[in-house]
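Undergrad: One structure coming up, written as structure tokens, with questions to follow.
The values are calculated or read from the model by the stated rules, or taken from the named source; none is laboratory data. In this text, all values refer to a predicted model and were calculated from it rather than measured experimentally. As a convention, Cβ positions derive from the backbone with ideal geometry for all residues, glycine included, and neighbour counts pool all protein chains shown. Areas reflect the complete protein model, heavy atoms only, side chains present, ligands, DNA and RNA absent. Shrake-Rupley method; radii C 1.70, N 1.55, O 1.52, S 1.80 Å.
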Amino acid sequence: QVQLVESGGGLVQAGGSLRLSCALIGTTFRANVMGWYRQAPGKQRELVATSTRVGITNYVNSVKGRFTISRDNAKNTVDLQMNSLKPEDTAVYYCNADPGGYAKAYWGKGTLVTVSS
């Protein structure tokens, strides 16, 4: 069974750090793009950060300079190091693996990140 397994969510004070991890298990398939999305209450899900197979990264403007995405193709994992966290970062964070083209993407179940002020 192919699935994405997320971990690392929790409660942190503003200015603190947190590291999210995600593993694509049950397959040797390597997605074209892996990354993280997030959804806050009452808001649409948004892209946070992505990484291609060769390590080309992309970030939403609000997290640039604070978050760093890392991908390990051998382990089929993707991590998100989140520094200088702000209350507005509070959301459920979802891991995503996208094969590209017309193939269906994989989604994790989400992990909650809460940043208190």
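Undergrad: Along the Cα→Cβ direction, 7 angstrom out, place labels at Arg30 and Arg66. What is the inter-label distance in nm?
TA: 3.3
Undergrad: Give me the percent of the accessible area of the chain that comes from carbon and sulfur atoms, probe 1.4 Å, all protein chains in place. The partial results should precede the final answer.
TA: Values: 3150 of 6340 Å².
Answer for the chain is 50 percent, counting heavy atoms of protein chains only.
Undergrad: Then there's this: Given points 7 Å out from each Cα along the Cα-Cβ axis, report the Ser117 to Gln39 separation in nanometres with one decimal.
TA: 2.5
Undergrad: Also, quick follow-up: Provide the per-residue ³J(HN,Hα) series for the stretch 4-11, in order, calculated from phi with Karplus coefficients 6.51, -1.76, 1.60 and θ = phi - 60°, each as a whole number of Hz, with x at glycine and proline positions.
TA: Those phi angles translate into 9, 10, 10, 7, x, x, x, 9 Hz.
Undergrad: Does anything in the stretch 68-100 have its amide N under 12 Å from the 7 Å Cα→Cβ label point of Ser17, and if so which residues?
TA: Zone members listed by number: 68, 81-85.
Undergrad: Turning to a different aspect of this structure: If I model a spin label at Gln1 and Glu88 as a point 7 Å from the Cα along the Cα→Cβ vector, what separation in nanometres do I get?
TA: With each label point 7 Å from Cα toward Cβ, the separation is 3.9 nm.
Undergrad: Let me have the relative contact order for the stretch 56-117, percent, based on Cα pairs under 8 Å that are six or more residues apart. Can you show the working numbers first?
TA: Details: 71 pairs, mean separation 16.3, N = 62.
This gives 26 percent for the stretch 56-117.
Undergrad: Give the cross-link partners of Lys43 among the aspartates and glutamates, using a straight C-alpha distance below 13 Å as the criterion and excluding same-chain residues fewer than 8 apart.
TA: Filter leaves Glu88, Asp89.
Undergrad: Determine the sum of side-chain charges near Val12: Lys and Arg each +1, Asp and Glu each -1, restricted to other residues whose C-beta is under 11 angstrom from that of Val12. Don't skip to the answer; put the middle values down first.
TA: Working: positive: Arg19, Lys86; negative: Asp89.
That works out to +1.
Undergrad: Which percent of Cα pairs goes in each bin when the distances of the chain are cut into 5 angstrom slices starting at zero?
TA: Spelled out per bin, shortest first, that is 2, 12, 24, 25, 19, 10, 5, 1, 0.
Undergrad: Counting alpha carbon pairs within less than 8 Å and at least 6 residues apart, what relative contact order, in whole percent, applies to the chain? Intermediate values should be presented prior to the final figure.
TA: On the way: 290 pairs, mean separation 41.5, N = 117.
35 percent.
Undergrad: Another question, if that's okay. Cα convex hull of the stretch 1-58: mean projected area in nm², to one decimal? Can you show the working numbers first?
TA: Working: hull surface 22.2 nm².
Result: 5.6 nm².
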